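Everything on this sheet refers to the single structure shown next.
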Amino acid sequence: MNRRLALLCPRGAVDVESFSRGRFDADPQAVYDRWSEFTAWVAEHAQDIEHAEARPYDESDLGAPVPAPRQVFAIGLNYRDHAAEAGLPLPENGPVVFAKFPSSITGPGAVVELPSDAVDYEAELVVVIGTPGHRVAADDAWSHVAGLTLGQDISERVVQFQGPTPQFSPGKSFPGFSPIGPVLVTPDEFDDADDIELGCTLNGRRMQQGRTRDMVFTVPRLIAFLSAIVPLSPGDLIFTGTPAGIGWARDPKIVLRDGDRLVTHAEVIGEMTTTFIAAAR
Ligand code: ZN
């Protein structure tokens, strides 16, 4: 597929640029700026798409569903059980917000270099903005969402905690520290987009399992809070926080090691594999 925008059907992947005869670009990033036009076109051609030429694919063919977002927000302490394991009080007046710099984005099947022996995993639901919005009301927030995908908020804990105040953004923005994928799923594909089961395994051992209904701040509340300050653009990402089970909160701590295989999963969205290698010394 060579990182081309595709619609995924039970029979395989339908190449959007070719099927639309060039109306939509092959670059997945470009589609978010025309999201409502694109979804209307898909709805209009649903029958033809079902019979279009489709190529079989597997995870290794897929890239990040949003390869170059303008802004990547992330939320800390957004599950009660995770705040408890971190020994921190729940945020009361608004979510804990930080940035993951866009150069840290990678896709499913990525091989990520470990800059130290203090790197941790955090399985998260990731919101992708479709319709731009500034000062969006929570009641209207889902209409601004293009879809949902999975992410790992990979975190280097020494950089994160070494200063007089925590430094979330740099500790979570090394190359490859924001894998997302394997696909983008529109909110209507879920029985309940506010209650999605997600988690991860490390070398086959279950490390995290949670449900997004346990979030402290729901997806609509996060969009309302962020957009009250920052105008949201098509393709912007929100990493919505991680449930309990991170490695750093365990005794003894679990950190990612050379050769480790992390599989992140969520219902409907599927599975994303990330492999880690030690930095060359
Ligand atoms: Zn996180």
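What follows is calculated from the coordinates using simple rules that are stated; it is not laboratory data. In this text the structure is predicted, and so the values were computed from the model without any measurement. Glycine also receives a Cβ, built like all others from the backbone with ideal geometry; neighbour counts cover every protein chain displayed.
Here are the numbers:
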{"quantity": "Residues whose placed amide H lies under 5 Å from that of Asn78, excluding near-sequence neighbours", "calculated": "Thr242"}
{"quantity": "For the range 71-76, Karplus couplings with θ = phi - 60° (6.51, -1.76, 1.60), whole Hz, Gly/Pro x", "calculated": "9, 10, 8, 9, 10, x"}
{"quantity": "Ordering of 230-240, 44-54, 24-34 by burial proxy (mean other Cβ atoms within 10 Å per residue, highest first)", "calculated": "230-240, 24-34, 44-54"}
{"quantity": "Cα-centre dipole for the chain with unit charges at Cβ (Lys and Arg positive, Asp and Glu negative), debye to 20", "calculated": "840"}
{"quantity": "Sequence-distant residues sharing a close amide H with Ile180 (under 5 Å, placed H)", "calculated": "Thr106, Gly107"}
{"quantity": "Sequence-separation-based contact order of the chain, relative, with Cα cut under 8 Å and 6+ spacing, percent", "calculated": "25"}
{"quantity": "FRET efficiency estimate (nearest 0.05) - Cβ-Cβ, Glu271 to Ala46, R0 25 angstrom", "calculated": "0.40"}
{"quantity": "Cβ crowding within 10 Å averaged over residues, with 103-115, 82-94 ranked highest first", "calculated": "103-115, 82-94"}
{"quantity": "For the range 36-53, 3J(HN,Hα) per residue [Karplus equation, 6.51 cos²θ - 1.76 cosθ + 1.60, θ = phi - 60°, Hz, x = Gly/Pro]", "calculated": "5, 5, 5, 5, 5, 5, 4, 4, 5, 10, 3, 5, 5, 4, 4, 10, 6, 4"}
{"quantity": "Phi to ³J(HN,Hα) by Karplus 6.51 cos²θ - 1.76 cosθ + 1.60 over the range 231-236, Hz, x for Gly, Pro", "calculated": "x, 8, 10, x, x, 4"}
{"quantity": "Net lengthening on full extension, Asp188/Val111 (0.36 nm per residue, minus Cα-Cα)", "calculated": "24.5 nm"}
